[in-house]
Amino acid sequence: MTRRTLIAGNWKMNGSVAALGFFDAVAPVAKEADADILICPPATLLAQAASACTGSEMRVGGQDCHAAVSGAHTGDVSAAMLREAGASHVILGHSERRADHGESDALVRAKAEAALQAGLVPVICVGESREEREAGRAIEVVASQLAASLPENPDRMTLVIAYEPVWAIGTGLTASVEDVAAMHEAIRERLPEPLTTCILYGGSVKPGNAKDLLSLDDVDGALVGGASLKSTDFSAIIEAAGRKSELVR
């Protein structure tokens, strides 16, 4: 197996029905891209977004799921519900979930196992804080998160890892290409299926830095936040991955 480049957009708590024109705008670029394209809108738009993707090269995913299949969990959404709405992937353990909702590595693992059971590809997020990086503990912290967040029997599953340095999310700051290369190499060394697992970089990915980041050997794509809300910016990031006719990877 070879790793396919994945460009994923995380809309977070943004977007409305009026934003669905995004898919028509991006579809021509996605069709020519040497990459898989994933958009993760709010749960309220997921089914409509999936419908908007019909016949295109794009797929949609959820931004979180509950670890349980069903039950008395007001406000939560199960992995099976996301799948039924048209999702193929689900983002899990994003730093904003870990910080705002106190999600632990163990909970992320349970959610990832639920996602796999429902037929979704979990996109498991890991990343260090600025203080942890300045203390020289970045790789140690990320390695610990990774080990505790991966589901059981990972050799028999499909998953995506997203490295997002917490200090670079929504701040406009981006890790240096040297730091990204070192971290992605460290992550790959610790994966049960290192040759086939896709590792994304996230953290203020923009049209201006996407090409440099995507050119790194162990960077298999990007998890894009704010820039995924604008079709022009997201299209430019997709184009940075190259076209199908260009054997760039």
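Suppose each label sits 7 Å from its Cα in the direction of the beta carbon; what would the Gln117-Arg137 distance come out to in nanometres?
My value for the distance between the label points is 3.3 nm.
Per Stokes-Einstein, at 25 °C and 0.890 mPa s, what whole-number D in µm² s⁻¹ belongs to the chain, with the Kirkwood radius over Cα pairs as the hydrodynamic radius?
Once the numbers are plugged in, D ends up at 137 µm²/s.
Rounded to the nearest 0.05, what FRET efficiency is calculated for Ser215 and Arg130 with R0 set to 30 Å and r the Cβ-Cβ distance?
Approximately 0.75, to the nearest 0.05.
What nm distance separates the two modelled labels at Ala147 and Asp100, each placed 7 Å from Cα along Cα→Cβ?
For Ala147 paired with Asp100, the spin-label model returns 3.1 nm.
7 Å from Cα along Cα→Cβ at both Glu193 and Lys230: what's the point-to-point distance in nm?
Between Glu193 and Lys230, the simple spin-label model gives 3.7 nm.
Peptides 11-19, 110-118, 51-59: what's the order by average Cβ count within 10 Å, highest mean first?
Highest to lowest by the protection proxy: 110-118, 51-59, 11-19.
Bin width 10 Å, alpha-carbon pairs only: give the P(r) of the range 109-196 as whole percents, running from 0 to the bin holding the largest distance.
Values per bin, smallest distances first: 16, 48, 29, 8.
³J(HN,Hα) across the range 213-226 via Karplus (A = 6.51, B = -1.76, C = 1.60, θ = phi - 60°), whole Hz, x for Gly/Pro?
Listing the rounded values in order: 5, 6, 7, 6, 4, 9, 9, 9, x, 9, 9, 9, x, x Hz.
Would you give the gap between the C-alpha center of the range 128-146 and the C-alpha center of the range 96-126, rounded to a whole Å?
Using only Cα atoms to place each centre, the spacing works out to 19 Å.
In deg cm²/dmol and to the nearest 500, what is the mean residue ellipticity at 222 nm of the chain if only DSSP H runs of at least 4 residues count, each as -39500 (n - 2.57), divided by the residue total?
My calculation for the chain gives -11000 deg cm²/dmol from helical runs alone.
Determine the percent antiparallel among the DSSP beta bridges restricted to the chain, to the nearest 5.
In the chain, DSSP labels about 5 percent of beta bridges as antiparallel.
What ranking do 91-97, 216-222 get when scored by the average of other Cβ atoms within 10 Å per residue, highest first?
Put in order of decreasing packing, that is 91-97, 216-222.
Order of 65-77, 183-195 by packing, highest average Cβ count within 10 Å first?
183-195, 65-77
Can you list residues from other chains, or at least 5 along the same chain, whose modelled amide H is less than 5 Å from the amide H of Ala162?
Ile124, Cys125, Val126, Leu200
All of the numbers you see were taken from the coordinates with simple rules; none came from a lab. Because the structure is a prediction, the values reported are computed rather than measured. Cβ coordinates were reconstructed from backbone atoms using ideal geometry, including for glycine residues, and neighbour counts include every protein chain displayed.
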